[in-house]
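The values are calculated or read from the model by the stated rules, or taken from the named source; none is laboratory data. Values in this document were obtained by computation on a predicted structure and should not be read as measured data. Don't worry about glycine lacking a Cβ; one is built from the backbone with ideal geometry, like all the others, and counts go over all protein chains shown.
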Amino acid sequence: MLSGIASAVVLAAYFAARRHPVGNRCVPEPVCPVDLQRYVGQWYEIARYEQVFQKDCDGVTATYSALPDGKIGILNTCRKPDGRPGAAAAKACVVPKSGNTKLKVSFFGPFYIGNYWIMDHADDYEWAIVGDPSGRYLWLLDRRPCPPHQSQQALAGRAAALGYDTSMLRWTQQP
């Protein structure tokens, strides 16, 4: 058991040491309530702030599912530069009184809980902007793997309107 805890501490320290720069120094509170039944399903990553845990990944997807215990299951997949697939599973809990816009996500059991904020989304849930309160994380998501360039630029424009530095975006290649 101690080796598991020690591994988690080392992993947390590694991620803390490799923090991404802040791309939004004044992250606004999410204000657009989320209907989780419409949010669940598969999303394709269009762009992101590059993170060590996603370094050089393309073909990135995030699949959300409603779990019987009221939590949300998350499966993130990607294609590594050498062609190997990568995957990470997590569970999320909704932060009370957040309009379902804020989730606490755990990829490593109780050892690491991250903030996941759904900053904005389309009325029809075709796209979403996800970040966190630190301003270090940003994901632009779409239901389509390759939305038209104009749609991608409009999504980046919405992120910029929320205060995000879109020059820091890494555009994801989808198959």
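Can you go through Val94, Val60 and tell me which one is among the hydrophobic types (A, V, I, L, M, F, W, C) and either in contact with a Ser or Thr (Cβ under 8 Å, 6 or more places away or on another chain) or under 19 Å from Arg170 (Cα atoms) (or both)? Can you show your working first?
Numbers: Val94 fails: either in contact with a Ser or Thr (Cβ under 8 Å, 6 or more places away or on another chain) or under 19 Å from Arg170 (Cα atoms) (or both).
So the residue among Val94, Val60 that is among the hydrophobic types (A, V, I, L, M, F, W, C) and either in contact with a Ser or Thr (Cβ under 8 Å, 6 or more places away or on another chain) or under 19 Å from Arg170 (Cα atoms) (or both) is Val60.
Kindly evaluate Ala8 against the criterion of being more than 21 Å from Gln173 (Cα to Cα), modelled with pLDDT under 95 and surrounded by 13 or more Cβ atoms within 10 Å (Cβ to Cβ).
Details: more than 21 Å from Gln173 (Cα to Cα): yes; modelled with pLDDT under 95: yes; surrounded by 13 or more Cβ atoms within 10 Å (Cβ to Cβ): yes.
Taking the combined requirement at face value, the residue satisfies it.
Please work out which residue is modelled with the lowest pLDDT, limiting yourself to region 81-96 and to residues that are surrounded by 14 or more Cβ atoms within 10 Å (Cβ to Cβ) and more than 17 Å from Leu141 (Cβ to Cβ).
Among those that are surrounded by 14 or more Cβ atoms within 10 Å (Cβ to Cβ) and more than 17 Å from Leu141 (Cβ to Cβ), it is Gly86.
Take the residues in region 102-136 that are aromatic (Phe, Trp, Tyr) and at pLDDT 95 or above, then tell me which one is surrounded by the most Cβ atoms within 10 Å (Cβ to Cβ). Show your work before the answer.
Keep residues of region 102-136 that are aromatic (Phe, Trp, Tyr), which gives 107-108, 111-112, 116-117, 125, 127.
Filter again for at pLDDT 95 or above, leaving 116-117, 125, 127.
Working: Tyr116: 20, Trp117: 20, Tyr125: 16, Trp127: 22.
Across region 102-136, the extreme among qualifying residues is Trp127.
May I ask you to list the residues in region 47-64 that are of a type in the set (Lys, Arg) and more than 12 Å from the chain's Cα centre (by Cα)? If you could, list the steps in order and put the result at the bottom.
Here is the first cut: in region 47-64, the ones of a type in the set (Lys, Arg) are 48, 55.
Within region 47-64, Lys55 is the sole residue that qualifies.
How many of the residues making up region 61-95 are of a type in the set (Val, Ile, Thr) and more than 17 Å from Trp117 (Cα to Cα)?
Result for region 61-95: 2.
Return yes or no: is Trp139 farther than 23 Å from Gly70 by Cβ and surrounded by 19 or more Cβ atoms within 10 Å (Cβ to Cβ)? Quick ask: steps written out before the conclusion?
Values: farther than 23 Å from Gly70 by Cβ: yes; surrounded by 19 or more Cβ atoms within 10 Å (Cβ to Cβ): yes.
For Trp139, the condition - farther than 23 Å from Gly70 by Cβ and surrounded by 19 or more Cβ atoms within 10 Å (Cβ to Cβ) - is met.
Restricting to region 35-75, and then to whatever is basic (Lys, Arg) and surrounded by 15 or more Cβ atoms within 10 Å (Cβ to Cβ), can you tell me which residue is nearest to Gly99 (Cα to Cα)?
Narrowing region 35-75 to residues basic (Lys, Arg): 38, 48, 55, 71.
Still in the list and also surrounded by 15 or more Cβ atoms within 10 Å (Cβ to Cβ): 48, 71.
Numbers: Arg48: 24, Lys71: 15 Å.
Per the criteria, the residue is Lys71.
Please verify whether region 156-172 includes one or more residues that are hydrophobic (A, V, I, L, M, F, W, C), touching a helix residue (DSSP H, G or I) at 6+ places or on another chain (Cβ under 9 Å), under 22 Å from Gln42 (Cβ atoms) and surrounded by fewer than 17 Cβ atoms within 10 Å (Cβ to Cβ).
Here is the first cut: in region 156-172, the residues hydrophobic (A, V, I, L, M, F, W, C) are 156, 159-162, 168-169, 171.
So of that shortlist, the ones also touching a helix residue (DSSP H, G or I) at 6+ places or on another chain (Cβ under 9 Å) come out as 156, 159-160, 169, 171.
Subsequent filtering for residues that are under 22 Å from Gln42 (Cβ atoms) retains 156, 159, 169, 171.
Those left that are additionally surrounded by fewer than 17 Cβ atoms within 10 Å (Cβ to Cβ): 171.
Within region 156-172, one or more residues are hydrophobic (A, V, I, L, M, F, W, C), touching a helix residue (DSSP H, G or I) at 6+ places or on another chain (Cβ under 9 Å), under 22 Å from Gln42 (Cβ atoms) and surrounded by fewer than 17 Cβ atoms within 10 Å (Cβ to Cβ).
Identify all residues within region 18-64 that are among the β-branched types (Val, Ile, Thr) and assigned to a loop (DSSP other than H, G, I, E, B); write none if there are none. So that I can check it myself, show each step before the final result.
Filtering region 18-64 for residues among the β-branched types (Val, Ile, Thr) gives 22, 27, 31, 34, 40, 46, 52, 60-61, 63.
Hits for region 18-64 are Val22, Val27, Val31, Val34, Val40.
Given the conditions (1) under 30 Å from Gln150 (Cα atoms); (2) out of contact with any Lys or Arg (no Cβ under 8 Å at 6 or more places or on another chain); (3) at pLDDT 95 or above; (4) not polar (S, T, N, Q), which single one is not true for Pro68?
(1)
Just to be sure I understand the filter: pairs with C-beta atoms under 9 Å, separated by 6 or more residues or on different chains, first member in region 59-78 and touching a residue at least 40 places away in the same chain (Cβ under 8 Å), second member basic (Lys, Arg) and part of a strand (DSSP E or B). Which pairs pass?
Hits for this filter: Gly59/Arg79; Val60/Arg48; Val60/Arg79.
Which ones in region 29-46 are charged (D, E, K, R) and within 14 Å of the chain's Cα centre (by Cα)? Give the derivation first.
The initial filter retains those residues of region 29-46 that are charged (D, E, K, R), namely 29, 35, 38, 45.
Of everything in region 29-46, just one residue is charged (D, E, K, R) and within 14 Å of the chain's Cα centre (by Cα), namely Glu45.
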